[in-house]
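Notes to accompany the following structure.
Bear in mind that the values in this text are calculations on the coordinates, not laboratory data. This structure is a prediction, so every number in the text was calculated from the model and none was measured. Please note: Cβ atoms are built from the backbone with ideal geometry, for glycine as well, and neighbour counts cover all protein chains shown.
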Amino acid sequence: MNSIFSPEGCNEFLRRIDSLRPDSKAQWGKMNVSQMVAHCQAPLNVGLNEHPLGNYNFIIRTIGKMVKKGLVKDDKPFKRNQPTDKSFIMSDDKNFEVERSKLKDSLQRFSAAGREGKLLGKHPFFGPLSTKEWDLMGYKHLDHHLRQFGA
């Protein structure tokens, strides 16, 4: 699997993001393309410590660690319609161009921080994430949603 942290991997994602259009249609799911590009910023910004998640209780954190094991065990793409943190749900109208620009900025900063080993060490839901796990999770999440819209 490619790396979201490598300059080549980051540039490939930027190219795919640029291929999106305001009228791009989802192949699955409930979000429109503007909501999706806003949604994709949130996990990147968690890693940058710019999108705080709630304080989860012990049971939820335990579930998070088990879910993490399934997500990082291989490089298989994410399954469709998986649950997400409520703060990642985008149901209001978004400006496509503004959100796409913000996603590209978040991606570039996430990629650079990953290369420098400066991402948040402990994820509020998944628990501790290594640099490799941040890379894999970021890559798989963004790839999942770009494929959702044919990019």
For the chain, what is the calculated [θ] at 222 nm in deg cm²/dmol (nearest 500), taking -39500 (n - 2.57) for each run of four or more DSSP H residues and dividing by its residue count? -17500 deg cm²/dmol
Using amide H atoms built in the peptide plane, which far-off residues or other-chain residues are under 5 Å from Ile4 H to H? Tyr139
Once you compute Rg and the Kirkwood Rh from C-alpha atoms, what is the Rg to Rh ratio for the range 51-106? 1.04
Going by how many other beta carbons lie within 10 Å of each one, how would you line up Val67, Val37, fewest first? Val67, Val37
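Loop only by DSSP, 16 or fewer other Cβ within 10 Å of the Cβ. Give me the GluC sites (Glu not before Pro) in the range 1-80 that pass, ordered by residue number. It would help to have the intermediate numbers written out before the result.
Details: sites: Glu8, Glu12, Glu50; in loops: Glu50.
Counting only loop positions with at most 16 other Cβ atoms within 10 Å, the GluC sites (Glu not before Pro) in the range 1-80 are Glu50.
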Taking 29 Å as the cut-off for C-alpha to C-alpha distance, list the pairs among Lys25/Lys140; Lys25/Lys73; Lys25/Lys69 that go past it. Lys25/Lys73; Lys25/Lys69
With the 8 Å Cα cutoff and a minimum separation of six or more residues, the chain has a relative contact order in percent of 45
Most packed first (mean Cβ within 10 Å per residue), the peptides 74-81, 26-33 order as 26-33, 74-81
Karplus couplings for the range 117-129 from phi (6.51 cos²θ - 1.76 cosθ + 1.60, θ = phi - 60°), rounded to Hz, Gly and Pro as x? x, 10, 8, 3, x, 10, 6, x, 9, 7, x, x, 10
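Determine, for Ile17, Ile89, Ile4, the number of other Cβ atoms within 10 Å of each Cβ, and report the residues in order from fewest to most.
Ile89, Ile17, Ile4
With the Cα gyration tensor of the range 1-73 giving a ≥ b ≥ c as the square roots of its eigenvalues, does the rule (a/c under 1.5 for rounded; else a/b larger than b/c for prolate; else oblate) give rounded, prolate or oblate?
Here the range 1-73 falls in the prolate category.
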Answer label, with Cα extents along the principal axes in Å calculated from the coordinates and candidates [x] 39, 34, 31; [y] 42, 31, 28; [z] 56, 25, 22: [y]
Virtual spin-label span in nm between Ser130 and Glu8, 7 Å along Cα→Cβ: 2.2
So who's got an amide H within less than 5 Å of the one on His123, skipping anything under 5 residues away but keeping other chains? H placed 1.01 Å off N, in plane. Leu129
Placed amide H near Asn32: partners under 5 Å, 5+ positions off or other chain: none
Give the distance, in whole Å, between the Cα centre of the range 4-60 and the Cα centre of the range 88-151. 5
